[in-house]
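Working notes for the structure below.
The values are calculated or read from the model by the stated rules, or taken from the named source; none is laboratory data. Quick caveat, the model's predicted, so the values are computed rather than measured. Note that we place each Cβ from the backbone using ideal geometry, even for glycine, and neighbour counts take in every protein chain shown. For the accessible areas, the whole protein counts, side chains as well, though only heavy atoms, and no ligand, DNA or RNA atoms are used. Shrake-Rupley method; radii C 1.70, N 1.55, O 1.52, S 1.80 Å.
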Amino acid sequence: NKVLDSAAKAAEEDGAKKSEKEIDGTKVIVFDFPKEEADDDGNADDEKKEDGDAKAAAPGRQMVYFIRDSHLVVGTDVAVIESVLERWDGKNSQTLAANTAFAYIQENSRSGSAQPALTWFVNPLDLLRAVIAMSSEANPQAAMVLGFLPALGVNNFKAVGGSMDLATAEYDSVSKTIMFIEQPTTGILNVFQFPATEQAPP
């Protein structure tokens with residue numbers, strides 16, 4: 001609660017407007033940051049041009065969060081938070097648990113039967129596509145990066161994730177990281193090909 005209060009104070013000092021809304025019986029806190037003005041080149045500019053050139057208003061940023069069943073969920077817009085709440089009971093046909101890479105990483109990164117203190121998962125390709133989609137309007141050449149992915153072989157890099165356990169029987173902490181890469185690998189992913197060699201002491 002102290003961290004959330006500090007974040008709210010910092011957001012309001014940055015000009016964000018706080019509001020609340022209820023989604024699926026859950027109170028959702030929304031911070032709408034003021035829109036920045038963008039010039040014709042797509043660059044944000046807080047100062048108005050004296051020569052009267054037209055400017056387009058860039059979409060304002062949002063920070064959205066809610067607390068439900070002792071979980072804190074933070075998102076970048078209301079639509080993302082709504083999609084999480086729609087899947088809260090696990091009955092939606094599109095859930096992260098149904099993702100093959102996610103299920104594999106969650107199952108194989110555990111150190112024991114207990115729930116880890118921290119689990120994490122990233123789909124690097126989808127993350128890259130999202131970043132390019134957001135920047136393509138300001139820089140159309142950014143979309144060209146997607147065309148190089150198959151040639152580099154990184155389109156087979158499906159996910160990376162892991163877990164961390166704290167205060168285990170033997171160690172203060174144990175962390176595991178797993179990369180999910182579909183075979184056969186090509187391009188730069190061939191760096192992860194380890195030929196079978198006879199093992200010997202160093």
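I need the full set of residues from region 73-86 which are of a type outside the set (Val, Ile, Thr) and touching a helix residue (DSSP H, G or I) at 6+ places or on another chain (Cβ under 8 Å), in order please. Spell out the reasoning first.
If we filter region 73-86 for residues that are of a type outside the set (Val, Ile, Thr), which is where we start, we get 75, 77, 79, 82-83, 85-86.
Selection gives Gly75 alone.
Which condition number does Asp14 fail, the rest of (1) in contact with a strand residue (DSSP E or B) (Cβ under 8 Å, 6 or more places away or on another chain); (2) open to solvent by 40 Å² or more (accessible area, probe 1.4 Å); (3) modelled with pLDDT under 90 being met?
Only one criterion in (1) in contact with a strand residue (DSSP E or B) (Cβ under 8 Å, 6 or more places away or on another chain); (2) open to solvent by 40 Å² or more (accessible area, probe 1.4 Å); (3) modelled with pLDDT under 90 is unmet by Asp14, namely (1).
Working only within region 161-198, note down all residues that are within 26 Å of Asn99 (Cβ to Cβ), touching a residue at least 40 places away in the same chain (Cβ under 8 Å) and open to solvent by less than 90 Å² (accessible area, probe 1.4 Å).
Gly161, Gly162, Ser163, Met164, Asp165, Val174, Lys176, Ile178, Phe180
Would you please list the contacts, defined by Cβ atoms under 8 Å and residues six or more apart or on different chains, that run from a residue in region 120-131 that is within 18 Å of Val73 (Cβ to Cβ) to a residue that is β-branched (Val, Ile, Thr)?
Phe121/Ile105; Phe121/Val160; Val122/Val160
Which residue is nearest to Glu82 (Cα to Cα), if the candidates are limited to region 94-109 and must be aliphatic (A, V, I, L, M) and in contact (Cβ under 8 Å) with a residue 60 or more places away in the chain?
Of everything passing the filter in region 94-109, Ala101 is nearest to Glu82 (Cα to Cα).
Please count how many residues of region 85-120 are under 28 Å from Val3 (Cα atoms) and open to solvent by 50 Å² or more (accessible area, probe 1.4 Å).
Here the count works out to 11.
Can we say Ala142 is open to solvent by less than 50 Å² (accessible area, probe 1.4 Å), more than 30 Å from Ile29 (Cβ to Cβ), at pLDDT 90 or above and of a type in the set (Gly, Ala, Ser)?
no
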